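Working notes, structure below.
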Amino acid sequence: MSAQKIVVVGGGVSGLSAAWWLARSGVSVTLLDKGIIGWEASGRNGGGCSHYQSPLFKEEQRLWPQMDELLGYPTEFSPERIVMAVTPRQLEQYHYIAQMNNRLGQRVDVLDPQQVREAVPLAGDNCLGGIHYRFGGHANPHRAVQAYAWALQDLGGTIIQHAPATGFRTSGGAVTAVESTKGVHECDAVVIAAGPQTSSLLAKLDIAMPLAAARAEMIVTEPAPMMKLGGVDGNGLYGRQTLRGNLAYGGGPHEWVEFGELGPSARPATPLTRNLARRVAELLPGAAHLNVIRSWAGVIEMTPDGRPIIDKRGNVTFCTMSGVGFGLSPASGHAIRDLVLEGACSFTDIDKLGLSRFEGIADDWRTAKGWLPL
Amino acid sequence: MTRTIDPHAIDGKFPAPATRFDVVVVGAGRSGTAAALTAAQAGQSVLLVDENPVPGHQIGNDVPLYFGGRATAATQNSERMLETLFMNTPDLEAVIEAGVELLLGTCAWGVYRNGPLVGSLPGQVVALADGERSWLVGFDRLVLATGARDLPMAFPGWSQPGVMGAAALKKLLTRYDAFAGKRVLIAGSHDLALETALLAHAKGLDVAGLIEVRDAPQGAADLVAQVEAAGIAIHCGVHPVEAKGGIDGVERVILSDGSSVDCDTLVMAIGLVPMIELADALGSARTFDAKRGGHIPLEDGAITAVGSCAGLADTGFDHSAYRFDWLNALGGACGGDTIICQCEEVTLSDLLGVQPPRYLERSPIMQARSLKSLLEDGPPNQDQIKRLTRSGMGACQGRRCRDQVAMMLAVEAGSELAALPLATHRAPVRPLPLKIIADWEESEEMRAGWDVWMGIPTQWVPYADIGTPYEEENRRVLGGNMSL
């Protein structure tokens, strides 16, 4: 199929990457966002780029070290990660993860406490050991989403912000145009990567996608002395030391939420800030005196099995990443581009990320899982 | 029917706060102590907290006021400061006698309640912290009496010790008794500047004069007369173009008419900003009122704002227009290399160029981007500028630059300041060490249910292992409770 005009609905990191990949292939791309690009989960996450569980992993690893050059703008990508334990249970889990990755040919080294403390000067006597991913890393979500957007524009793509999609025009079962608050956008094919709203948008096309959204929180400190490797987490936290030195960490219980078709009306943080702070202070005792200067929350959509959906029906390609969208974005965009232009992913098998695995799911699946707002 | 609980969701993990009061008052200034007294006399249980004395290092970071490095070493001695502050704050003894629980050196850093997208809290709570710990307190009614903070503005030399705010000077001269300067020059001539001059004069400081960017003194005639009677000159139609000094900061200020004024302190008395952080971080409603100092809180059920955090006294004076006159004048004195955000060292040209910090490479196409090009994509948003340039992202939590950056954005976008989305306030609204803000006594439910991310057992199974015996092994070892 030779789609010449594509509309991407959703300017989160997955939609931005897909739009950028499509523009690189020479097609005309218009991207719509309900607000500002990257404003929801794509710009509020921990910045991790180490998703060994994903079929997109190899492509993620191939691309991140090149992204600054490919996009032309800085993403702050920094390679490798260390995960450190402060309880025996954590150490057991991390050792299992190391063993599992090595079995799969993805190198992870086991570190003793002294080796961790050498690599992570902020670690303390309570460190029981850790593991070192010889892959992956972290990047700056704020900078990366803007880098995709600017790179898309540099290739001739159009970004229309503050333009929520409101409906679709179809002809013979194919989408011919996307309607937004800023007009009608004609297209040969459409990509829907609209975070939690993906489900309600697909429903307008009679495609059922089971999704639930949750609120999760992070905190950040003032800058700490720079460590050689910023991708350090563990103790129930994900996060990183930024290239400025700040320690940004999240984790812990999420809250299932509901909201309207235009997305979350608020992104409130809670006193979970205190539980996060405690775990950062335990993980990095050398930083316990540092000031926490912000907390924030983001809203993330999840599929029932917590795995992404990347699939296509007719000329509608859709993507929801279940909370691992940022790191995998260089690869998910490539996969979406392939689905749109070639009908199948060219670089890996993503069949198990298909929508059909949820066919016939009970209407009350959220109730059964306890994934309901309080 | 019993509800199925997701064990890793937040349901039931926050315990009820250990203490609660009918009324919690934040800020022991005049309005706050009056509110606390009234409530106590009506038989209500009342907690009155005041963050002063703030820790010495916070004063160094200009939190909560723009102290500009002109506090004496006495502020580093917290015991002595506590005593001084108690003596110098009116009505505290009356408050205690009325049965109010008073906590000095205790800041309120967050207010939380259930609302849109949060239903997990055990009622409405205010988060407090002192030098030892943080804790939550429940309340029926919260009275915010947090006052107003300084409005700094950049010009060459403004980031050295000796350039400070009028509210900070007042605090150091009155409650703290710890001002380190001797001879002060005051920028502004509206009531705030005039009152600042009279206070400094009464405290025995040498007041070098007032400088006013407009052509005539702006404040009330009786205040102008008092200032003149004290022999203090008001120079109109001039503004500072540079503060010059040495290792200890400001020694003299060069004015736009070419003259030079010797002084060790330049007091920015251009404006005050109502401290709405707590209410705004909560998502409470607000409005913009140019005559009351900017963004001010609206009526909000259980939360009441009193005193200047509810808005400056409306005398008909357009504070906003006045501030823009100063911004235009001082901005004209700035070079591209003048620092706007002191914490993150963001210069004026970085800000207008929307450039990343210096530790990142700026490719030619990166350098070609600018605020102007960004504004072609959509209306101005200060949080977006913050994300890209880091202005307002530092240790002072944006107190030194957020207001002036908002004004600059409005100028660049040709839009009204009131139309700009207010840059987000976030808890903790005071910088607090990890070990202080940490919950060291968290609930067993929180501990047992903690998971790094969503707690969905199938999520982290490697793709190649799906449907193999390894999938079961993965679930057995990691379960939904992964501490990774």
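The values are calculated or read from the model by the stated rules, or taken from the named source; none is laboratory data. It should be emphasised that the depicted structure is a prediction, and the values quoted were computed from it without experimental measurement. Cβ atoms come from the backbone with ideal geometry, glycine included; neighbour counts cover every protein chain shown. Note: areas computed on protein heavy atoms with side chains; ligands, DNA, RNA excluded. Shrake-Rupley method; radii C 1.70, N 1.55, O 1.52, S 1.80 Å.
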Exercise for the section: Name the longest site-free stretch of chain B, where the excluded sites are GluC sites (Glu not before Pro) in a DSSP loop with no more than 12 other beta-carbon atoms within 10 Å. Expected result: B:133-298
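Given the convex hull of the Cα atoms of the range A:203-335, what is a quarter of its surface area in nm²?
Dividing the Cα hull surface by four gives the mean projection, 9.9 nm².
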Practice task
Give, rounded to the nearest 20 debye, the magnitude of the charge dipole that the protein assembly as shown has about its Cα centre when Lys and Arg contribute +1 at Cβ and Asp and Glu contribute -1 at Cβ.
Solution key: 1060
Practice task
Excluding residues on the same chain fewer than 8 positions from A:Lys58, give the aspartates and glutamates whose Cα lies under 12 Å from its Cα.
Solution key: A:Asp349
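Once the cut-off is 19 Å, how many percent of the Cα-Cα pairs in the range A:24-127 end up in the long-distance tail?
So the portion of pairs separated by more than 19 Å is 63 percent.
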Exercise for the section: Considering the options A:Gly183, B:Leu48, B:Gly467, tell which one lies farthest towards the positive end of the dipole of the protein assembly as shown, charges being +1 on Lys and Arg and -1 on Asp and Glu at the Cβ, about the Cα centre. Expected result: B:Gly467
Fill in the blank from the handout: Taking N as the residue count of the range B:236-304, its alpha carbon Rg divided by 2.2 N^0.38 Å gives 1.73
Practice task
Translational diffusion coefficient, Stokes-Einstein: compute it for the range B:174-257 using the Kirkwood radius over C-alpha pairs as Rh, at 20 °C and 1.002 mPa s, and state it as an integer in µm² s⁻¹.
Solution key: 160
Problem - Descending principal axes extents, the range A:1-81, alpha-carbon based, whole Å - result: 40, 29, 27
Handout entry: Top positive-direction residue, dipole computed over the range A:254-374 with Cβ charges, set A:Pro285, A:Leu353, A:Thr273
Key = A:Pro285
Completion exercise
Yeah, chain A with a ≥ b ≥ c from its alpha-carbon gyration tensor (a/c under 1.5 is rounded, else prolate when a/b outruns b/c, oblate otherwise) is prolate
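Which whole-number percent is the relative contact order of the range A:81-138 (Cα, under 8 Å, 6+ apart)? Could the numbers behind the result be given before it?
Working: 90 pairs, mean separation 28.2, N = 58.
Across the range A:81-138, relative contact order equals 49 percent.
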Problem - Potential extension, B:Asp325-B:Ser370 segment - 0.36 nm per residue separation minus Cα distance - result: 13.7 nm
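Starting from the coordinates of the alpha-carbon atoms of the range B:334-484, obtain the Kirkwood hydrodynamic radius over all distinct pairs and give the value in Å to one decimal. Intermediate values should be presented prior to the final figure.
Values: mean 1/r = 0.0519 Å⁻¹.
Value: 19.3 Å, from the Cα pair sum.
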Practice task
Kindly report, to the nearest 10 Å², the accessible surface of A:Thr176 as traced by a 1.4 Å probe over protein heavy atoms only.
Solution key: 50
Problem - In Å, descending, principal axis extents of the Cα set of the range B:63-168 - result: 49, 40, 24
Problem - the range B:93-240, Cα convex hull volume normalised per residue, Å³ - result: 207
Fill in the blank from the handout: Taking r as the C-beta separation of B:Ala216 and B:Tyr359 and R0 as 51 Å, the FRET efficiency to the nearest 0.05 is 0.60
Handout entry: For the range B:1-114: span of alpha carbons on each principal axis (Å, largest first)
Key = 64, 38, 21
Practice task
Have a look at B:Gly353, B:Leu117, B:Asn381 and report the one farthest towards the positive end of the charge dipole of chain B, computed about the Cα centre with Cβ charges (Lys/Arg +1, Asp/Glu -1).
Solution key: B:Gly353
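If you average over every viewing direction, what projected area does the convex hull of the Cα atoms of the range A:262-374 give, in nm²?
Numbers: hull surface 43.5 nm².
Averaged projected hull area, Cα only: 10.9 nm².
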Fill in the blank from the handout: With label points set 7 Å from each Cα along the Cα-to-Cβ direction at B:Glu83 and A:Phe358, the distance between them in nm comes to 6.6
Practice task
In vacuum, with every alpha carbon of the range A:98-213 counted as one equal point scatterer, what does the Debye formula give for log10 I(q)/I(0) at q = 0.15 Å⁻¹? Two decimals, please.
Solution key: -0.85
Practice task
Might you report the magnitude of the Cβ-based charge dipole of the range A:278-368 about its Cα centre, with Lys and Arg at +1 and Asp and Glu at -1, to the nearest 20 debye?
Solution key: 400
Practice task
With only Lys, Arg, Asp and Glu charged, each at its Cβ (+1 for the first two, -1 for the last two), find how big the charge dipole of the range B:199-298 is about the Cα centre; round to the nearest 20 debye.
Solution key: 340
Handout entry: Heavy atoms of A:Lys204: accessible area, 1.4 Å probe, square angstrom to 10
Key = 80
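With the cut-off at 16 Å, report for the range B:125-209 the share of all Cα pairs above it, as a whole percent.
Working: 2266 of 3570 pairs.
The answer is 63 percent, as a whole percent.
Starting from the residue with the highest accessible area, list A:Thr367, A:Thr273 in decreasing order, probe 1.4 Å. Write out the running numbers ahead of the final one.
Numbers: A:Thr367 50, A:Thr273 0 Å².
Correct descending sequence by accessible area is A:Thr367, A:Thr273.
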Fill in the blank from the handout: The relative contact order of chain A, taking Cα pairs under 8 Å that sit 6 or more residues apart, comes to a percentage of 24
Exercise for the section: Quick one: angle between helix A:13-24 and the longest Cα principal axis of chain A, in degrees between 0 and 90, rounded to 10, please. Expected result: 60
Handout entry: Label-to-label distance, nm, for residues given as B:Thr458 and B:Asp177 (7 Å Cα→Cβ offset)
Key = 7.0
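Give me D for the range B:360-444 in µm² s⁻¹, whole number, from Stokes-Einstein with Rh from the Kirkwood sum over alpha-carbon pairs, 37 °C and 0.692 mPa s.
On the way: Rh = 15.2 Å.
Translational D for this selection: 216 µm²/s.
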Handout entry: Hydrodynamic radius of the range B:412-484 per Kirkwood, over alpha carbon pairs, in Å
Key = 16.9
Exercise for the section: Evaluate Rg over Rh across the protein assembly as shown, taking Cα atoms for both radii and Kirkwood's formula for Rh. Expected result: 0.99
Problem - Accessible surface, 1.4 Å probe, highest first, among residues A:Leu205, B:Leu82 - result: B:Leu82, A:Leu205
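Using a 1.4 Å probe on the protein heavy atoms, what percent of the accessible area of the range B:372-455 belongs to carbon and sulfur? Don't skip to the answer; put the middle values down first.
Values: 1430 of 2840 Å².
Carbon and sulfur atoms account for 51 percent of the accessible area of the range B:372-455.
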Completion exercise
So the angle from the long Cα axis of helix B:78-88 to the longest Cα principal axis of chain B, reported in degrees to the nearest 10, equals 60
Problem - Rg and Dmax of chain B, Cα atoms only, in Å - result: 25.1, 91
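For the range B:281-411, what is the accessible area per residue in Å², given a 1.4 Å probe and the full set of protein chains?
Values: 4890 Å² over 131 residues.
Heavy-atom SASA per residue in the range B:281-411 reads 37 Å².
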Exercise for the section: Treating the angle as unsigned and between 0 and 90°, give the value, to the nearest 10°, between the Cα long axis of helix A:325-342 and the longest Cα principal axis of chain A. Expected result: 30
Exercise for the section: Just grab the label-to-label distance for A:Asp349 and B:Lys244, each label 7 Å out from Cα along the Cβ direction, in nm (one decimal). Expected result: 7.6
Exercise for the section: May I ask you to list the aspartates and glutamates whose Cα is less than 15 Å away from that of B:Lys244, ignoring any residue fewer than eight positions away on the same chain? Expected result: B:Asp262, B:Asp264
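Would you mind calculating the relative contact order of chain B from Cα pairs under 8 angstrom and at least 6 residues apart, reporting the percent as a whole number? All intermediate terms of the calculation are to be shown ahead of the outcome.
Values: 977 pairs, mean separation 75.3, N = 484.
Relative contact order, chain B: 16 percent.
From largest accessible area down, sort A:His142, A:His95; use a 1.4 Å probe on the protein chains. Spell out each step's value before the answer.
Details: A:His142 40, A:His95 70 Å².
Sorted by accessible area, descending: A:His95, A:His142.
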